[in-house]
Amino acid sequence: MRGQFDDEKALLSLKTGRKDLDLLLPAKFQDLERIESPTIGTIKKYQGEEICRAAICHLVYWVRDSFNFGRNLNDIQANTFADLLLGEWYALTLADVKLCFTEGIKGRYGQVYQNIDPTTLFGWIK
C-alpha cells in the first residue's frame, strides 16, 4: 500500500551524509545490485526534500571539483539540477547517481569541454 511507513527504507534513507556518499564506491553497474543505497524518492519521503537536495548537491560538487575548468557549475545550477532530479528521477539510488557521475568523469559518455553544467549531468544520467 502506498504511503505506509517502511522501517528498512527509513533506516536506509539515513545514509545521506557526506561520509556515506564519499564511501559509496560502485565501480561498475553490476555493483549496484549489492550496494545498499536509498533511492531519491525514499530520501525525500523519510528525510525531506532539503536533505535529499543536499545529498544530490554533494555528489554534484564532487563532479565539479573533479575537473579543472574556469567556468564551472555554481550553487544555483547544482540546486536546480537537484530539484529536477528529485522530480523526475526519484527511482534512482544515490549509488546509481554516483556511478553515472564516475563514468562521466572517466569520459565514458564523451569528452567534457570547458565546463560542467546541468545539461551535461542529465546527459550522463540518461
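The values are calculated or read from the model by the stated rules, or taken from the named source; none is laboratory data. Source: prediction; values computed, not measured. Virtual Cβ from ideal backbone geometry, glycine too; neighbours counted across all protein chains shown. Surface accessibility is based on the protein's heavy atoms, side chains included, excluding ligands, DNA and RNA. Shrake-Rupley method; radii C 1.70, N 1.55, O 1.52, S 1.80 Å.
Here are some notes:
- Dipole magnitude (debye, nearest 20) for the stretch 57-110, charges at Cβ of Lys, Arg, Asp, Glu: 240 debye
- Signed unit charges on C-beta, dipole axis of the stretch 1-64, positive-most listed residue Leu24, Cys57, Phe5: Cys57
- Long-range Cα-Cα pairs in the chain (distance over 17 Å), rounded percent: 55 percent
- With all protein chains kept in place, the per residue accessible area of the stretch 1-75 amounts to 69 square angstrom at a probe of 1.4 angstrom.
- Within straight-line cross-link reach of Lys28, lysines at Cα separation under 20 Å, skipping those fewer than 8 residues along the same chain: Lys98, Lys106, Lys126
- Taking the longest Cα principal axis of the chain as reference, the axis of helix 94-105 is set at about 10 degrees.
- Taking other residues whose beta carbon is less than 12 angstrom from the beta carbon of Trp124, and scoring Lys, Arg as +1 and Asp, Glu as -1, yields +1.
- Surface composition of the chain: carbon plus sulfur atoms contribute 50% of the solvent-accessible area (1.4 Å probe, protein chains only, all chains present).
- Residue-averaged [θ]222 nm for the chain, counting only DSSP H segments that reach four residues, each worth -39500 (n - 2.57): -17000 deg cm²/dmol
- Ranked by how many other beta carbons lie within 10 Å on average, peptides 89-100, 26-37, 43-54 from highest: 89-100, 43-54, 26-37
- Acute angle (nearest 10 degrees) that the helix 49-66 long axis makes with the longest principal axis of the chain, alpha-carbon atoms: 30 degrees
- On the principal axes of its alpha-carbon atoms, the stretch 49-120 has extents of 31, 24, 16 Å, going from largest to smallest.
- Between 0 and 90°, nearest 10: helix 75-88 axis offset from the chain longest Cα axis: 50 degrees
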